[in-house]
Ligand code: F3S
């Protein structure tokens, strides 16, 4: 018995008249709608699909995708989250032939369904940019938080299968972050600290996330924030708290009443985040930049800092392939590679099979530290981009 009200077209898909992939997808969306009490399905303007790394999917996941790819076709623009390897330079990053073959098959199945293999967690920097108020179905927690908060688009935090189902039908159930009443702030956060670097914003996300978990905050006191800083903050607050949205007074577009519950954060709180994310390790053998995927502005800065230098630690710059092409055109890639740095396009250090390869990872990303520890058992060092480049060159964390 289905309680979600369906249009004729939606019913047609559910009845299997548009093929088995659309039917399976409608079953997933209707089941979700039932669980969350959605009254209907709504059209989505775009989709971001996660669950791309063969490392996480395994053979069962690959089979599921192959099955859908028999007759499934994306009905809206849909982009992919990072895969488990750089699709071109996987050998250079130490990926095995077997893994590469399976990962390629995963990408082929998605591409056969008309899903763009952008393989990036920053779809908004790679052509999938929704406008304020547009409904989308995105997975990847940092991108979801960025979309709801910074762009003012509307998306739940989709899982891989529900996002794929949205791509294959152009629909999503109308609940959660799609509704006005669920987008209001629940707690006010007063920031009394100066934030300069992207890492400072990551540290702020750590502080707020730890304190309010998945509540929606209204953040007051941040005067200015760049896209890169908001990207870092979105990733961190979503990782350490789980919220799908924040409001930042004077910076984000949605309006919200000011909640009575108030928390003040000071420079000491920011310092405590740096302390928590830094372990007492001096030697650094891996430096991971680009979490979320590096923008062209960040790559330009990395190239500036590496000009004429040589790295002694393994340095990865994770980014979308499209951004890397711009970096190639501008000569930034040449400078970074001449210094011994490597690009990790299409992938990131959280989904690539890295366990056991390094001991101590330095990053300017609070989220990166979470996955460096959790997925790969690395010790972590956390600081600004400048600190990380110094560590890449010297092999030592600043004393
Ligand atoms: Fe993106 Fe991977 Fe970080 S998916 S947000 S680079 S952990």
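Worth pointing out:
- Residue satisfying condition, being within 16 Å of the ligand (Cβ to nearest atom), at positive phi and crowded, with 24+ Cβ neighbours inside 10 Å, within set 205, 290: 290
- Residue satisfying condition, being touching a strand residue (DSSP E or B) at 6+ places or on another chain (Cβ under 6 Å) and within 12 Å of the ligand (Cβ to nearest atom), within set 344, 320: 344
Every residue, every condition in (1) within 16 Å of the ligand (Cβ to nearest atom); (2) free of Cβ contacts under 8 Å to residues at least 12 places away in the same chain; (3) more than 18 Å from residue 53 (Cβ to Cβ); (4) buried (at least 24 other Cβ atoms within 10 Å of the Cβ), yes or no:
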position	(1), (2), (3), (4)
283	no, no, yes, no
294	yes, no, yes, yes
353	yes, no, no, no
385	yes, no, yes, no
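- Condition met for residue 151 (at pLDDT 95 or above and closer than 23 Å to residue 367 by Cβ): yes
- Qualifying residue in segment 199-220 (condition: in contact (Cβ under 8 Å) with a residue 12 or more places away in the chain and over 22 Å from the mean Cα position of the chain (by Cα)): yes
- Residue within segment 153-170 that is within 16 Å of the ligand (Cβ to nearest atom) and under 29 Å from residue 327 (Cα atoms) present: no
- Screening 320, 344, 350, 338 for residues that are in the same structural domain as residue 387 (by TED's automatic domain parsing) and in contact with a helix residue (DSSP H, G or I) (Cβ under 6 Å, 6 or more places away or on another chain) leaves exactly one candidate, 350.
- Residue in segment 159-169 that is more than 25 Å from residue 40 (Cβ to Cβ) and buried (at least 19 other Cβ atoms within 10 Å of the Cβ) present: no
- Number of residues in segment 365-383 that are more than 15 Å from the ligand (Cβ to nearest atom) and surrounded by fewer than 24 Cβ atoms within 10 Å (Cβ to Cβ) equals 3.
- Restricting attention to segment 111-132, the residues that are away from the ligand (no atom under 16 Å from the Cβ) and either more than 21 Å from residue 317 (Cα to Cα) or surrounded by 22 or more Cβ atoms within 10 Å (Cβ to Cβ) (or both) total 10.
- Positions within segment 208-236 being surrounded by fewer than 24 Cβ atoms within 10 Å (Cβ to Cβ) and not in a helix (DSSP H, G or I), in sequence order: 213, 214, 215, 216, 218, 220, 221, 222, 223, 224, 225, 226
The values are calculated or read from the model by the stated rules, or taken from the named source; none is laboratory data. None of these values were measured; they are calculated from a predicted model. Glycine gets a Cβ as well: all are built from the backbone with ideal geometry, and neighbour counts include every protein chain shown.
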